[in-house]
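S.K.: The structure is given below, and queries will be raised subsequently.
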Amino acid sequence: MKIRTILAVVLVAVGVVRADEEIKTDEGVIVLTKGNYAKVLEDNQHVLVEFYAPWCGHCKALAPEYAKAAKKLEESGSAIKLGKVDATEESELAEENSVRGYPTLKFYRNGKAIDYSGGRTADEIVLWLEKKTGPAAKTISSAEDLKKFTEDGEVAVVGFFKSETSDAAKEFLKVADGVDDYPFAIVTDSSLISENKVDGDAVVVFKKFDDGRAELSKDLTEENISKFVKGESLPLIVDFNHETAQKVFGGEIKSHVLMFLSKEAGHYEKYLDSQKENAKTYKDRVLFVSINTDDEDHGRILEFFGMKKEEVPAARLIKLADEMAKYKPATQVLDSADDMKTWVESFLDGKLKQHLLSQELPEDWDKNPVKILVASNFDEVALDAEKNVLVEFYAPWCGHCKQLAPIYDKLGEKFASDSTVVVAKMDSTINELEHTKINSFPTIKLYKKGDNKIIEYNGERTLEGLTKFLETDGSYGQAAPDQAEEADEDDDSPTKDEL
């Protein structure tokens, strides 16, 4: 037997090459394994790969949309392929692709990967892929093609220019190349420009909501066009759901009026129309968002604001930033467009005071080795300069917090007799501090005796690790743990539960 033949047999036997492995599909999506991964990437110029876990709730929500996207691409004759990897079975592939949460999507162009940054509906997936593999803006030269383009989706962006080489057209194409959420087209045919009542160069957003069309014809720079497209592509009042979440929280406008309403109770019909004028007035500075509280998935948002369903209908303001500042109106501003306007103006003028959640102090807060902190007693206990105070900021629903609880209780018992150490915890879903903002759970901070210097613990969540952290005055445990902890069922992050 020739040496090459012997080598091939050996490689197949040890699993380096599995040439006989059949490439299977599931609803049009290629099932990728260690054995066929390289071959699929080699045989296809463009492949989108989803790394998922069977127990992941977000992966389950994505699955039908992902399959629809694969079908749409196939029906259109596209050569783009969609694949998926069960990361719990193909851990080596997941590690090679630096997968740290689920789902993780990677787009391969000629074998080189980039992170997927599009939406999670079939249309959004297809649009993103088409923009990454084709021209940033489609050239349209017939009325029929333009009509189809503007009617196919909820939003379509068209640049009308006398010349595709003009400065304005070049700026438009830069935006088209950088914005993946919406389809872009360019028109230079003079008759089409005239038919669409465009005078000179202009960018038009066609949409199936509100006024149906918005036009920008002055100062056609990349910055202005981008801001215009992103602002006009959302409804005046955005209804929060799985499809709009990324655009709401990932958009450029970071101040939001959130209107908590019940569709079943008729609140949408009662309140939304009266607030549209305010939404239009402030759309460049404040985004108006409706949240249907009948949807059980929105329960976490209510919790984040310390609200109960009995308080609906209600409004809140939030400024998305590191501090996640929240504001509560003194009256029911939903009843009056003028009251809402006054409240928003006060916010923009910096006259509103943040609304901080606070729990009533339990009578037995210091009964057990792990002390219970709330907003009202936090400073008195945690900032005691005579003691090292370790505080766990937790959420009752957080899976990682539940795993930590018995370990943290043992830690409290271990230091119960040490008068210079306090082990404490605070439910951060119902208690907020002006000087400390928590963005993920659990967060563990040491408030050092003497100078009250704050040191966050990033070590392994073990009794030994936490003990060393306290015994070394916070010098131990500053490096992130080598191995990520197992994720909760519906958690994207394998190390912490994010807000």
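S.K.: What residues from segment 317-346 fall in the zone where the backbone N is under 18 Å from a label point 7 Å along the Cα-to-C-beta line of GLU277?
M.R.: 333-346
S.K.: Roll a 1.4 Å probe over the protein chains and send me the accessible area per residue for the chain in Å².
M.R.: Heavy-atom SASA per residue in the chain reads 52 Å².
S.K.: What are the ³J(HN,Hα) couplings of segment 210-221, residue after residue, when phi is run through the Karplus curve with 6.51, -1.76, 1.60 and θ = phi - 60°? Round to Hz, x for glycine and proline.
M.R.: 6, 7, x, 7, 9, 10, 10, 10, 10, 6, 7, 9
S.K.: Taking all protein chains in place and a 1.4 Å probe, what share, in percent, of the accessible surface of the chain do carbon and sulfur account for?
M.R.: On the way: 12260 of 26140 Å².
Taking all protein chains in place, the chain shows 47 percent carbon and sulfur surface.
S.K.: In whole angstrom, and with the biggest value first, how far do the Cα coordinates of segment 289-402 range along each principal axis?
M.R.: Between the extreme Cα coordinates on each principal axis of segment 289-402 lie 51, 34, 28 Å.
S.K.: Now a separate question. Wrap a convex hull around the Cα atoms of segment 172-231, take a quarter of its surface area, and give that in square nanometres.
M.R.: On the way: hull surface 17.2 nm².
Spelled out: convex hull of the Cα atoms, projected over all directions, averaged, 4.3 nm².
S.K.: Could you run the Karplus curve 6.51 cos²θ - 1.76 cosθ + 1.60 with θ = phi - 60° over segment 30-41 and give me ³J(HN,Hα) per residue in whole Hz, x for Gly and Pro?
M.R.: 5, 8, 9, 9, 4, x, 10, 4, 4, 5, 5, 5
S.K.: Give me the extension gain from LYS263 to ARG109: residue separation times 0.36 nm, minus the current Cα-Cα distance, reported in nm with one decimal.
M.R.: On the way: separation 154, 0.36 × 154 = 55.44 nm, distance 4.40 nm.
Taking LYS263 through ARG109 to full extension adds about 51.0 nm, to one decimal.
S.K.: Using the Cα atoms of segment 237-349 to build a convex hull, what is its mean projected area in square nanometres? Spell out each step's value before the answer.
M.R.: Values: hull surface 27.1 nm².
If you wrap the Cα atoms of segment 237-349 in a convex hull and average its projections, you get 6.8 nm².
S.K.: Which net charge results when you count Lys and Arg as +1 and Asp and Glu as -1 among the other residues whose beta-carbon is under 12 Å from that of HIS355? Before the final figure, lay out each step's value.
M.R.: Working: positive: ARG316, LYS319, LYS326, LYS328, LYS353; negative: GLU432, GLU434.
That works out to +3.
S.K.: Given R₀ = 35 Å, FRET efficiency for ASP199-ILE430 by Cβ-Cβ distance, to 0.05? Mind showing how you got there, number by number?
M.R.: On the way: r = 57 Å, r/R0 = 1.62.
Given R0 = 35 Å and the Cβ-Cβ separation, E is 0.05.
S.K.: Equivalent-ellipsoid semi-axes (√(5λ), Cα gyration tensor) for the chain, whole Å, largest first? Write down the numbers at each step before the final one.
M.R.: Working: eigenvalues 403, 281, 69 Å².
Output for the chain: semi-axes of 45, 37, 19 Å.
S.K.: Could you check what % of the DSSP bridge pairs in the chain are antiparallel, to the nearest 5? Mind showing how you got there, number by number?
M.R.: On the way: 41 of 76 bridges.
Antiparallel bridges: around 55 percent, rounded to the nearest 5.
S.K.: Which three extents, in whole angstrom, do the alpha-carbon atoms of segment 39-183 cover along their principal axes, largest first?
M.R.: Taking max minus min along each principal axis of the Cα atoms, segment 39-183 gives 55, 26, 26 Å.
S.K.: Using θ = phi - 60° and the Karplus curve 6.51 cos²θ - 1.76 cosθ + 1.60, what whole-Hz ³J(HN,Hα) does each residue of segment 246-254 get, with Gly and Pro shown as x?
M.R.: Residue by residue, segment 246-254 yields 5, 6, 5, 8, x, x, 6, 7, 9 Hz.
S.K.: Also, I was wondering about something else. Label point 7 Å out from LYS218 along Cα-to-Cβ: which residues of segment 260-303 have amide N under 18 Å?
M.R.: Label zone hits: 284.
S.K.: Count the net charge of all other residues whose Cβ sits under 14 Å from the Cβ of VAL389, scoring Lys and Arg as +1 and Asp and Glu as -1.
M.R.: Working: positive: LYS371, LYS387, LYS425, LYS445, LYS448, LYS449, LYS453; negative: ASP366, ASP379, GLU380, ASP384, GLU386, GLU392, ASP418, ASP451, GLU456, ASP473.
Taking every other residue near VAL389 into account, the sum is -3.
S.K.: If you wrap a convex hull around the alpha carbons of segment 112-233, what volume per residue comes out, as a whole number of Å³?
M.R.: Per-residue hull volume (Cα only) is 111 Å³.
S.K.: Using DSSP to define loop residues, name the GluC sites (Glu not before Pro) in segment 84-160 whose beta-carbon has at most 15 other beta-carbon atoms within 10 Å. Present the calculation step by step, with values, prior to reporting the outcome.
M.R.: Values: sites: GLU89, GLU90, GLU92, GLU95, GLU96, GLU124, GLU130, GLU144, GLU151, GLU154; in loops: GLU89, GLU90, GLU154.
Here the GluC sites (Glu not before Pro) that fit, given the DSSP loop and packing criteria, are GLU89, GLU154.
S.K.: Which value, in debye to the nearest 20, describes the size of the charge dipole of segment 25-133 about its Cα centre when Lys and Arg Cβ atoms bear +1, Asp and Glu Cβ atoms bear -1, and nothing else is charged? List each step's numbers first, then the result.
M.R.: On the way: 15 positive and 18 negative charges, 61 e Å.
Its charge dipole is roughly 300 debye.
S.K.: With r as the distance between the Cβ atoms of ALA79 and THR165 and R0 = 30 Å, compute the FRET efficiency 1/(1 + (r/R0)^6) and round to 0.05. If you can, show how the numbers build up before the last one.
M.R.: On the way: r = 30 Å, r/R0 = 1.00.
After rounding to 0.05, the efficiency reads 0.50.
S.K.: Sorted from largest down, what three extents in whole angstroms do the Cα atoms of segment 371-472 have along their principal axes?
M.R.: 32, 31, 21 Å, listed from the longest principal axis down.
The values are calculated or read from the model by the stated rules, or taken from the named source; none is laboratory data. Note that the coordinates shown come from a computational prediction; the quantities given were computed from them, not determined experimentally. Note: ideal-geometry Cβ built from the backbone for every residue, glycine included; neighbour counts use all protein chains shown. Keep in mind that these areas ignore ligands, DNA and RNA; they rest on the heavy atoms of the full protein, side chains included. Shrake-Rupley method; radii C 1.70, N 1.55, O 1.52, S 1.80 Å.
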